[in-house]
Structures are given as C-alpha cells and as structure tokens.
Amino acid sequence: MEHQEVKDLFTEYHDGDLSDEKKKELETHLQSCDECRTEWQAFEKTMNEISGLYHFAPPQDLAKNVEHKIHRRSRGKFFGKQKGNNIQFALISFILVLLFMLAYLMLTAVNEIIVLDDQAPDTAQPIDQ
Amino acid sequence: MNDPSQHKLVKQLQARDAHAFEQLIETHQTRIYNLIYRMIGNREESEDLLQEVFITVFKKIDSFRGDSSLTTWIYKIATNHCINRKKYLTRRKHYAKSSYSDLSEKEQAESRNAMMENLPRPDEMAEGKQMELLIQKAIISLEDEYKIVLILRDVQNLSYDEIEQILNVPAGTVKSRLHRARMALKEKLIPYLR
Ligand SMILES: [Zn+2]
C-alpha cells in the first residue's frame, strides 16, 4: 500500500468499515512506516478530542420563550390553547346575547301590558269628555 | 413514519397542542442547541437561532409528511437555519468592512486563517478548557460543507444514513466530506496534540 492510500483510509479504519483484508494491509503498513503511523496517531488523538467535547445545556425557559414569540407573531392565533380561549369567548358572547334577548322579550311583554293598560283609558276618555 | 408514538405526537402538533410543542422542545433542545453552537460559535447568536429553528418547526409542521423521522426533519431545518445565518453574518461583516460583497470566498479564507493565528502557541496552552476552546475554534474555521458533516457525525453521533437524509447528499459524498474534515482538523491540531 502507498502512503496516500493508507491516509485515505483513516476514516474508514477509524469507523471500522474496512474489510479484513484491507485492514490487515493497512496495519502492516502502519507498523513499518513512521510517517503514516505518526499521522494515524494524530488522527486518533483528534478523534478522541472531538468525542470529548462538552455538550452545553440549552438556555433556560426555551419553550416558554418560543411560545411567547409565536404568540406575539401570530397575534395569539397559533396554539390550541388560544382556540380554547376563543371558545370561552364565544360561549360568554352567546350567553350575553341570550340574556339580552330575554331582557328584550321581557321588556316588550311588559310594554305590551302597559300599552294595553294605557289603551283602555285612552279609548275610554273621549267618551267621558 | 412507522413509529406510532411519533405519529401521535405529529397529530398533536398539527392540532396546535401547546403541550406537545413543549414536549418536542424538551426532547430536542440539547442536541439542536449544541449543533447550532458548534456551527455558529457564538452563544448569543446560537440561542436566538435555536428559537427560530423551533418556530420554523411549528410553522411548518403541517407540511411534515413523515418521509423521514421527525428528528431528522428538525435537524434539516436546523442545518438550513445555520447555513443561512452564517451567510447572513458573513455578509453583514463584509458590508461593514467594504462594499465588495463578492469577495466572500477570499475573505472567508482570510478570516479563517486569522482565527487560527489568534490561537495561543502550543507552549502557552494550559490543559483542559483551553483544548475545548481550541477544538471549537478549529471546527469553526472549517468550511461549512465539511464542518456540518463533522459535527453531525463526530459531535452528534448521527448515522451516515441520517446525515444523508439531513443534508440530502449521497452516502459517498458524506463519507468523503467527513474524511476531509477530519484530516483538516487533524492538521490544525497537530501542534497542540501530545
Ligand atoms: Zn506510509
């Protein structure tokens, strides 16, 4: 195996993707070649350092902040929770409308009674005069 | 999409269930945050971008067809955001420096070199945290298409299969880019390794 061929196989060798035959060839070369062996050791150390990198904790309250942004940008139209509020609003409106209708019906009923009461003397009056 | 629990979650998300959104963020925030941070290299910028990634996920959830796993799909959105943000940041830096925006390639290379030149000399290096910082800077200095493959594979430990789907490139390309990224990183780190 040539030096370059060996170096080109570092990734597959590291990942364990080489065939037994290729692996044996590569290892034989590494044993006898200082240049490639030094480079392979640096490669392995590099891989080792990468795998030891920190995994940072995400910022706190991410979900809350994202939700807040979505609410703001969608003017509160995005989440189902908001739909729930809409249903509440619709229910309250419906009840209010119902109450108004009831009040109106009651008032007109009272008016009719008053009108009937008024009408009796009205029609009676001219006769009296 | 064969995973029934994922199917259920997607249905809840599409029904705008706020609790499902919280659950989704909870599950993915650490991985996605670390992906972004390794790509961008700036905490503040990364935190802002992380929010934008999830906002896009929620905005586009109706278009999720289940051709890939939900996680892969989120990774896809995140990598696109990273690459776009990096382009934007480079552009902004260029406009601040000069009016020639088409110098990007050359200036990118220059800023990468400058970054490595700013690293401490090997004999000035203290153990531990310095190494972390050094590797982070070395990763950041790679070109985007190599950097992303290295981060997905070696920092996030994703499979080749997942990376192919996320980046939408064939397996051979993923492998060759990864190899080039690892070799480039090794070259940058050689003076500091012992
Ligand atoms: Zn050799």
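Are any of the residues in region B:128-149 at pLDDT 90 or above, outside any helix (DSSP H, G or I), in contact with a Lys or Arg (Cβ under 6 Å, 6 or more places away or on another chain) and not aromatic (Phe, Trp, Tyr)?
yes
How do the pairs read when you match residues in region B:3-28 that are under 10 Å from B:Leu70 (Cβ atoms) with residues anywhere that are surrounded by fewer than 20 Cβ atoms within 10 Å (Cβ to Cβ) and of a type in the set (Ser, Thr, Tyr), using Cβ under 8 Å and keeping only pairs 6 or more apart or on different chains?
Filtered contacts from region B:3-28: B:Asp3/B:Ser69; B:Gln6/B:Ser69; B:His28/B:Thr71.
Would you say A:Lys45 is modelled with pLDDT of 95 or more, under 30 Å from B:Leu35 (Cα atoms), part of a helix (DSSP H, G or I) and near the ligand (Cβ under 8 Å from one of its atoms)?
Details: modelled with pLDDT of 95 or more: yes; under 30 Å from B:Leu35 (Cα atoms): yes; part of a helix (DSSP H, G or I): yes; near the ligand (Cβ under 8 Å from one of its atoms): no.
It is false that A:Lys45 is modelled with pLDDT of 95 or more, under 30 Å from B:Leu35 (Cα atoms), part of a helix (DSSP H, G or I) and near the ligand (Cβ under 8 Å from one of its atoms).
Over 30 Å from B:Glu45 (Cβ atoms), more than 16 Å from the ligand (Cβ to nearest atom) and in contact (Cβ under 8 Å) with a residue 12 or more places away in the chain, is that true of A:His14?
yes
Select from region B:164-182 the residues that are in contact (Cβ under 8 Å) with a residue 12 or more places away in the chain and β-branched (Val, Ile, Thr) and write down the one among them that is nearest to the other protein chains (Cβ to nearest Cβ).
Among residues in region B:164-182 that are in contact (Cβ under 8 Å) with a residue 12 or more places away in the chain and β-branched (Val, Ile, Thr), the one nearest to the other protein chains (Cβ to nearest Cβ) is B:Val174.
Do any residues in region A:31-47 that are open to solvent by 10 Å² or more (accessible area, probe 1.4 Å) have Cβ atoms under 8 Å from those of residues that are polar (S, T, N, Q) and within 13 Å of the ligand (Cβ to nearest atom), where the two are at least six apart or on different chains, and which pairs are they?
That search, which allows pairs on different chains as well, returns A:Arg37/A:Gln31.
Could you name every one of the helices (runs of 4 or more DSSP H) located completely within region B:17-123 that has at least 1 residues being modelled with pLDDT of 95 or more? Before you say what the answer is, go through the steps one by one.
Values: elements: B:18-40, B:43-60, B:70-97, B:104-117.
By residue number, B:18-40, B:43-60, B:70-97.
Give A:Glu39, A:Glu35, A:Glu27, A:Glu2 a once-over and let me know the one that is at the interface with another protein chain (Cβ under 10 Å from one of its Cβ atoms) and within 16 Å of the ligand (Cβ to nearest atom).
Values: A:Glu35 fails: at the interface with another protein chain (Cβ under 10 Å from one of its Cβ atoms); A:Glu27 fails: at the interface with another protein chain (Cβ under 10 Å from one of its Cβ atoms); A:Glu2 fails: at the interface with another protein chain (Cβ under 10 Å from one of its Cβ atoms).
One residue alone meets the criteria, A:Glu39.
Quick check on region A:64-80: of everything there that is open to solvent by less than 20 Å² (accessible area, probe 1.4 Å) and of a type in the set (A, V, I, L, M, F, W, C), which residue is modelled with the highest pLDDT?
Looking at residues that are open to solvent by less than 20 Å² (accessible area, probe 1.4 Å) and of a type in the set (A, V, I, L, M, F, W, C), I get A:Val66.
Inside region A:48-77, can you point out the residues that are closer than 16 Å to B:Thr56 by Cβ and of a type in the set (A, V, I, L, M, F, W, C)?
Across region A:48-77, the qualifying residues are A:Leu62, A:Ala63, A:Val66, A:Ile70.
Within 14 Å of chain B (Cβ to nearest Cβ), touching a helix residue (DSSP H, G or I) at 6+ places or on another chain (Cβ under 9 Å) and within 13 Å of the ligand (Cβ to nearest atom): is that true of A:Leu9 in this structure? Explain how you work it out, then say what you get.
Working: within 14 Å of chain B (Cβ to nearest Cβ): yes; touching a helix residue (DSSP H, G or I) at 6+ places or on another chain (Cβ under 9 Å): yes; within 13 Å of the ligand (Cβ to nearest atom): yes.
The answer is yes for A:Leu9.
The values are calculated or read from the model by the stated rules, or taken from the named source; none is laboratory data. These figures come from a predicted structure and were not determined experimentally. A quick note on method: Cβ atoms are made from the backbone with ideal geometry, for glycine too, and the neighbour counts reach across all protein chains shown. Quick note on the areas: whole protein, heavy atoms, side chains included, nothing else; ligands and nucleic acids left out. Shrake-Rupley method; radii C 1.70, N 1.55, O 1.52, S 1.80 Å.
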